[in-house]
1. Kindly evaluate Glu38 against the criterion of being of a type in the set (Asp, Glu) and more than 30 Å from Arg2 (Cα to Cα).
2. So, Asp21, is that one loosely packed, with under 12 Cβ neighbours inside 10 Å and either at pLDDT 90 or above or within 25 Å of the chain's Cα centre (by Cα) (or both) or not?
3. Quick check on the stretch 6-14. Is at least one of its residues in contact (Cβ under 8 Å) with a residue 12 or more places away in the chain and among the aliphatic types (A, V, I, L, M)?
4. Output yes when any residue across the stretch 81-88 is over 28 Å from the mean Cα position of the chain (by Cα) and at pLDDT 90 or above, and no when none is.
5. Of the conditions (1) modelled with pLDDT under 90; (2) out of contact with any Phe, Trp or Tyr (no Cβ under 9 Å at 6 or more places or on another chain); (3) of a type in the set (A, V, I, L, M, F, W, C); (4) within 30 Å of Phe89 (Cβ to Cβ), Ile49 fails just one. Which one is it?
Amino acid sequence: MRYVHVESGVVIETPSFIIGDAWKPEKDIQEEKQVKEEEVVEEYVEEEIDLSEMTNRELEQFAKEHEIPLLADDKRNKENLIKAITKAFED
């Protein structure tokens, strides 16, 4: 069986079982890495937002939350708000 030292990462192979916290079976380490990688992938899932379904107030709030500066002309109508927000995410 292959064991990995938790602190140093050294790998040894032995027919005996190792007891203690300093060594873990290699398969356990690989499973832990896989779980962590899956968690990281889940964190970066992008949410698709349909700006056309939002009201002008919601669009202004959305811009504020994402620190998108809006000009007075941008706030005149919904189409200008959507263009300003879209442009900010393209840059």
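1. No; evaluated as a whole, the condition is false for this residue.
2. no
3. Residues of the stretch 6-14 in contact (Cβ under 8 Å) with a residue 12 or more places away in the chain: 6-7, 11, 13-14.
Those left that are additionally among the aliphatic types (A, V, I, L, M): 6, 11.
Yes - at least one qualifying residue is present in the stretch 6-14.
4. Within the stretch 81-88, the subset over 28 Å from the mean Cα position of the chain (by Cα) is none.
For the stretch 81-88, residues over 28 Å from the mean Cα position of the chain (by Cα) and at pLDDT 90 or above: absent.
5. (2) is the only condition that Ile49 fails.
The values are calculated or read from the model by the stated rules, or taken from the named source; none is laboratory data. These numbers come from a predicted model, not from an experiment. Don't worry about glycine lacking a Cβ; one is built from the backbone with ideal geometry, like all the others, and counts go over all protein chains shown.
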